[in-house]
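> Here it is, the structure, as structure tokens.
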Amino acid sequence: MPIVQIKHKITGEVIQQVESKCKRNYYGSGLNLQGCDLWNTNLIEADLRNANLIGANMGDCDLRGAILNGALTSHANLRHASLTDADLRDANLSAVDLCGAYLIDANMEGVLLHEAVFHGTYLKRSNLAGAILSNTVFARCILHQAFGLDEYEWVLLISKSTAVI
């Protein structure tokens, strides 16, 4: 299996080497980390722009200050990941699990969030302008000073089985 090098966004220094499990070629301009197990990996300020992270396990990853703009991360696990100050512009976060994640000061402008799950997620001061929300779940999130969500109509749906009386 090929070894993929993840580099620092400014210095270009290799900060992590990962064995890629993907056997087929990825024709994007970024790294191919589809289905990789990156759980609890230090990826501070990593350059992951346009990376293929589909189905990757990135739970508990430290991605503070990372560049993920244009990345394909659909069906990835980002539970409890730290994405503070991360650049996620125009990334595809469809069906991503972001429960308990930290997205403080994250730039999520134009992000596709179809069926993404935010439960107990910290989105303080995050930029969600132009984000595409459809069947997106926000539950018990910290949205203090987050912006870009004012353009949406919020509908609260409570099923009888989960209602608290």
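The values are calculated or read from the model by the stated rules, or taken from the named source; none is laboratory data. Please read all numbers here as calculations on a predicted model, not as lab measurements. Cβ atoms come from the backbone with ideal geometry, glycine included; neighbour counts cover every protein chain shown.
> Can you spot a residue in the stretch 95-105 that is surrounded by fewer than 24 Cβ atoms within 10 Å (Cβ to Cβ), aromatic (Phe, Trp, Tyr) and over 23 Å from Asn40 (Cβ atoms)?
no
Here's the yes/no breakdown for (1) touching a Gly at 6+ places or on another chain (Cβ under 7 Å); (2) modelled with pLDDT of 95 or more; (3) farther than 27 Å from Gln34 by Cβ; (4) not in a strand (DSSP E or B):
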| site | (1), (2), (3), (4) |
| --- | --- |
| Asp85 | yes, yes, no, yes |
| Gly100 | yes, yes, no, yes |
| Ile104 | no, yes, yes, yes |
| Glu109 | yes, yes, no, yes |
| Asn135 | no, no, no, yes |
| Val155 | no, no, yes, yes |
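> Determine, yes or no, whether Arg125 is charged (D, E, K, R), out of contact with any helix residue (DSSP H, G or I) (no Cβ under 7 Å at 6 or more places or on another chain), modelled with pLDDT of 95 or more and in a loop (DSSP other than H, G, I, E, B).
yes
> Could you tell me whether Gly12 is over 18 Å from the mean Cα position of the chain (by Cα), at pLDDT 80 or above and of a type outside the set (Phe, Trp, Tyr)?
So Gly12 fits the description; yes.
> In the set Arg64, Arg49, which member is charged (D, E, K, R), within 22 Å of His119 (Cα to Cα) and at pLDDT 90 or above?
Arg64
> Here's something else I'd like to know. Identify the residue in the stretch 111-122 that is assigned to a loop (DSSP other than H, G, I, E, B) and under 11 Å from the mean Cα position of the chain (by Cα) and, among all such residues, is farthest from Lys9 (Cα to Cα).
My answer is Ala116.
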